[in-house]
Each structure stands twice: as C-alpha cells, then as structure tokens.
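Structure, as structure tokens:
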Amino acid sequence: MSSAPSGNKPRRFPLRLDQVAATPARPTSPRELLRPQAPLEHAARDRRQQSTPQGLGMDSRAVQRRMVERLYADGIRHQRLLEAFSAIPRHWFVDSALVNQAYEDTSLPIGLGQTISKPSVIGSMIELLCVRPGLTPETVHPLGHCLDIGTGCGYQAALLSVLSRRVVSVERLRDLHLKARANLDRLRRDMPHWQDVRLVYGDGMLGHPPNAPYDTIIAAAGGAAVPQPWIEQLAPGGRLVAPMEDPRTGHQVLTIIDRLPNGQLQQAVAGQVLFVPLKSGTT
Ligand code: SAH
C-alpha cells in the first residue's frame, strides 16, 4: 500500500492515480481480472459457458452449497463471509426467469440496465473489507458500521448485514430501491436473527452523512475518482473498497483506501475490474 503524503495535513482526495501506481499493487489473487458487473452481453456469454444447475426448486440448498465450495476453492477463506454466502439465498434476489442461474459465478441482469455482481467478485471485495486496519481480535462484526453504495437488488447489502454492526445502503434508482426493499422484507420475515439494513433512496456519491462515520464503505459502481464525501465519512481504522478509473489506461481498477487509526490515509489498487458507472443524482 502507498502511504499518503507525510506532513501534518493529510492530502485531499481524490489522490492522483500516478501516486497509487507508483507503489507495488497489492498482490492479486488468481482472480486477476474481476468482472463484477460486466455488461449484459458478457453476463450472457458467462452463462453460456457454464452449466445451469438443475432442479433449483427442489435442491436450492445443495446448489447454494456448491457455490460456497467454489468460492472457497477460488480463494475466499474468511469463515464468516462464507457463512454469509450460505445464509443468504441468492435466488430470492434474481428474477424468476433467472433462478436456475442464481448460484453460477456470473453477473445477472436485475433491471434498468443494472446487474447483480458475480459472487466471486462480491466475495473478493468483502474479504478485503474484512481486514480493515481498525480490526482487533475482539471485533465481533468485522465490517463494523458499513456504507454500501449501489443497493441494486439488495443481495450484497444482505451479505454485508451478516458481517456488520449496521449497514446503510444507498441506491439512486427508485425502482431498484423499492425492489431491494421487497427482497429484504422477505429476509426479515423468513430469516430468524435477521439484522435489518437501512435502505436509502438517494445519490450515493454524497455518501450518507446522517449515519457517518463508517468503518467500511463499498461501492458497486465505478467513476473517475473516489468522491470526496466517502473519504470524509470513513472512520479512523476504516477501509473503503471501490472501482475507480485509471486515467492513464482508462481501465477501472479496484481501489482500496484505508484511514489508519491515526487518521492518515493509505491507498492501493487490487486489480482491474468492470463495474457499471457511478452516476450522480436520482431517477
Ligand atoms: N450491489 C448490487 C449491485 C447493483 S449494480 C446488488 O447486489 O445487486 C450497481 C448499482 O449502483 C446500480 O443499481 C446503480 O443504479 C447504482 N448506482 C450507480 N450510481 C449510484 C449513485 N451515485 N448512488 C447510488 N447508487 C448508484
């Protein structure tokens, strides 16, 4: 990880990417190129390449268990994260026509041109958050107080909730915000010990000041730079994981920003990604 410039006053963000790239990137896993929200044609190609689990209605637990085993084989090791993937039924979050693909490692359309991310990509991002700098062995909820930007269908927010003290999730598209609300209502009804998510309809580029600061911030949409409010709302000991454009290549890279317990900022990149665009305003 690269250190923020020394001196009493931390440098204002967004940092220039040349500062990030000047230092060795965090070692990437075999999952070199993360493709969380590949365009829909990529998602369709992925689906063609993978076998479709059969009999999901009868056997959804077994199919879900196989997805978790694949995540483990793919390098996800955080036990509570794997438990979260086992606890949250992904097929509740996708359209009925797509339930047979719910446990494949692929992004899937959720309406309005948006996609639910691949489980392996969600897993990689959450696992990065689970080792935020402020974590101690006594920490009960590894993600602490978590801000999720881009609720979409609510699946990622549900996973985050299992690992957090509290999750605030922001979505700019009203119809998706309402869809996530309905999906999470089902979890609230059917899952014992469900810890509710606070869903916010609004522009996530502004973060969500009323509940700040956050120990962890995760974005499911990528822009040219990490918005300044996210940095300001990151608590000491906290970590932010978000896609960000590398101006030199035009490619998105997964960006990790830590606010150390002493308040200093550190930034690193963890490989190329492809997310839907981060847009301002609400619709
Ligand atoms: N995590 C989601 C993925 C949704 S796709 C899931 O599990 O389904 C990314 C989402 O980010 C889209 O729904 C898009 O509308 C949303 N988004 C893009 N820009 C945003 C912004 N400024 N504020 C809030 N949400 C935004």
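Compute the signed sum of charges (Lys and Arg +1, Asp and Glu -1) over the other residues within less than 11 Å, Cβ to Cβ, of residue 195.
On the way: positive: 165, 166, 188, 198; negative: 196.
Residues close to residue 195 contribute a combined charge of +3.
Sort 191-203, 151-163 for me by packing, meaning the mean count of neighbouring Cβ atoms within 10 Å per residue, highest on top.
Details: 191-203: 15.1, 151-163: 26.4.
Listed from highest to lowest mean packing, they are 151-163, 191-203.
Restricting to the stretch 59-273, compute how many DSSP beta bridges are antiparallel as a %, nearest 5.
Details: 18 of 38 bridges.
So the antiparallel bridges in the stretch 59-273 amount to around 45 percent.
In the stretch 180-263, what % of DSSP beta bridges are antiparallel (nearest 5)? Before the final figure, lay out each step's value.
On the way: 8 of 13 bridges.
Here the antiparallel bridges make up roughly 60 percent for the stretch 180-263.
Residue by residue through the stretch 236-248, which ³J(HN,Hα) values in whole Hz follow from phi under the Karplus form 6.51 cos²θ - 1.76 cosθ + 1.60 (θ = phi - 60°), with glycine and proline marked x?
Rounded to whole hertz, the list is x, x, x, 9, 10, 10, 8, x, 8, 6, 8, x, 6.
First check a/c for the stretch 222-283, with a ≥ b ≥ c the square roots of the eigenvalues of its C-alpha gyration tensor; if it is under 1.5, answer rounded, and if not, answer prolate when a/b is larger than b/c or oblate otherwise.
Working: a/c = 2.55, a/b = 1.39, b/c = 1.83.
Here the stretch 222-283 falls in the oblate category.
What does the C-alpha gyration tensor say about the overall shape of the stretch 125-282? Classify as rounded when a/c is under 1.5, otherwise prolate if a/b is larger than b/c, or oblate. Provide the component values of the computation, followed by the final result.
Details: a/c = 1.77, a/b = 1.16, b/c = 1.53.
Note, shape of the stretch 125-282 comes out oblate.
How charged is the neighbourhood of residue 218? Take every other residue with its Cβ under 13 Å from the Cβ of residue 218, and add Lys/Arg as +1 and Asp/Glu as -1. Could the numbers behind the result be given before it?
Values: positive: 132, 239; negative: 127, 148, 215.
Local charge sum for residue 218: -1.
What does the net charge come to around residue 170 if you take all other residues with beta carbon closer than 9 Å to its beta carbon, with K and R at +1 and D and E at -1? Mind showing how you got there, number by number?
Values: positive: 172; negative: 148, 171, 203.
With Lys, Arg at +1 and Asp, Glu at -1, the neighbours total -2.
Where a number appears in this text, it was derived from the coordinates with a stated rule and is not lab data. Since the structure is predicted, the reported quantities are computational estimates derived from the model, not experimental observations. Cβ sites come from the backbone with ideal geometry, for glycine too, and all protein chains shown count toward neighbours.
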